[in-house]
Amino acid sequence: MKELIRSLTECFGPSGHEEAVRALIRRELPRGAETRVDAMGNLIVHRTGAAGGRRIMLAAHMDEIGIVVTHVDQKGFLRFGNVGGVLSMPLTGGRVRFAQGITGVIGLEKLEDPSRVPSLDKFYIDVGAPGPADCPVRVGDVACFNRDFEEVGARIVAKAMDDRIGCAILLEVMKELGRSPHDLYFVFTVQEEVGVRGAGTSGYGVEPEIALAVDITLTGDTPECAPMAVALGSGPAIKIKDSGMLAHTGVKDWLLRTAEAGGIPCQREVLVRGTTDASAIQVSRAGVPAGCVSIPTRYAHSPSEMVDYGDVEAVVQLLLRALAEPVDIG
Ligand code: CO
Ligand code: ZN
């Protein structure tokens with residue numbers, strides 16, 4: 001699964017530009033899978049159930065955070081805005097990659113007050129252009145952060161682990177899942193990072209009876225970080241609440257019960273800031289019971305998002321167990 005995670009995370013796919021990720025996922029689908037792509041670009045894979053099951057939608061987002069060029073200055077440096085939740089702190093000296101393959105280096109102006117975290121308008125991108133006339137990049141071009149996938153002990157690190165790790169998990173579940181009573185929709189969504197937009201339309205279209213997002217969450221296990229009862233290596237995090245939704249209690253209990261029955265250690269997740277595709281699916285149409293299985297992640301929204309490989313495998317095992325049996329959400 002690591003080679004799949006490598007190719008998914010190294011793929012180019014800022015929000016609204018998910019084509020390359022979608023093409024890669026299509027190549028990895030089981031032979032003969034029934035697929036469609038909706039008007040927004042969500043990739044919807046359907047797997048018919050045996051009988052007596054529910055219509056269950058699983059969602060993982062294909063897009064990643066990035067930048068968009070707002071103007072090119074007189075010397076040929078690019079100024080940019082954010083696509084999704086871009087943080088200033090990890091930017092300086094980093095590199096971005098545009099769709100055409102052009103690399104840019106991120107620089108920072110001299111600051112009046114270096115003790116304050118600079119806003120994005122203090123940064124620029126240098127694509128090696130001698131002047132604006134020779135600049136190979138235009139206003140509106142988007143780029144992703146450029147960083148290789150690496151293994152660090154039991155952990156794996158990459159850009160866009162949010163949420164290509166969720167995409168990799170859905171692909172793995174599709175490959176490994178045996179007979180299931182459920183009518184399953186594996187949905188690879190677009191534009192999550194700019195406001196869970198693809199989840200809203202695909203949730204409406206699929207009209208699931210139960211929905212699960214598979215996405216990353218934060219941890220409280222690094223030096224002087226905000227307290228949070230989630231740690232790397234302690235297993236899947238079962239969402240109870242985040243800033244966009246209260247998980248359906250029946251769905252949450254189903255996941256916790258499944259983990260316990262399977263002897264899969266898991267964690268209870270209350271995320272103070274941030275949300276997932278589940279928040280949009282939950283309020284689509286007349287409402288959908290929704291929950292989320294999260295992968296604990298350090299350094300989220302930086303170019304080096306870190307997860308524990310054992311946690312990733314445990315999320316796959318939890319989903320395989322949950323989808324193999326009839327579901328009771330009360
Ligand atoms: Co994110
Ligand atoms: Zn995410």
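Structure above, values below:
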item	result
Asp242, Asp121, Asp113, ranked by accessible area, largest first (probe 1.4 Å)	Asp121, Asp113, Asp242
Nearest 10 degrees, 0 to 90: helix 161-176 Cα axis against the chain principal axis	30
Where Rh is the Kirkwood radius over Cα pairs, Rg/Rh for the chain	0.99
Debye, to nearest 20: dipole size of region 116-227, +1 on Lys, Arg Cβ, -1 on Asp, Glu Cβ	160
Solvent-accessible area per residue for the chain (1.4 angstrom probe, square angstrom)	43
Lys, Arg +1 and Asp, Glu -1 on Cβ, resulting dipole of region 54-153 about Cα centre, debye, nearest 20	320
Most positive-pole-ward Cα, Val272, Leu246, Pro326, against dipole of the chain from beta carbon charges	Pro326
Percent carbon-and-sulfur accessible area, region 260-329, ignoring ligands, DNA and RNA, probe 1.4 Å	52
Of all accessible heavy-atom area on region 66-145, the percent that carbon and sulfur account for (1.4 Å)	52
Within the chain, helix-based [θ] at 222 nm, where runs of 4 or more DSSP H residues each add -39,500 (n - 2.57), nearest 500	-7500 deg cm²/dmol
Dipole in debye (nearest 20) - the chain, about Cα centre, beta carbon charges: Lys, Arg +1; Asp, Glu -1	380
Cα-Cα over 26 Å, subset of Lys75/Lys122; Lys122/Lys241; Lys75/Lys110	Lys122/Lys241
Rounded FRET efficiency, nearest 0.05, which uses the C-beta distance separating Leu120 from Ile329 and R0 of 56 Å	0.85
Burial ranking of peptide ranges 105-111, 282-288 (average Cβ count within 10 Å, highest at the top)	282-288, 105-111
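The values are calculated or read from the model by the stated rules, or taken from the named source; none is laboratory data. Here the structure is a predicted model, which means the values were calculated and not measured. Methodologically, a virtual Cβ is constructed for each residue, glycine included, from the backbone with ideal geometry; neighbour enumeration extends over all protein chains shown. Side chains included, ligands, DNA and RNA excluded: accessible areas come from the protein's heavy atoms. Shrake-Rupley method; radii C 1.70, N 1.55, O 1.52, S 1.80 Å.
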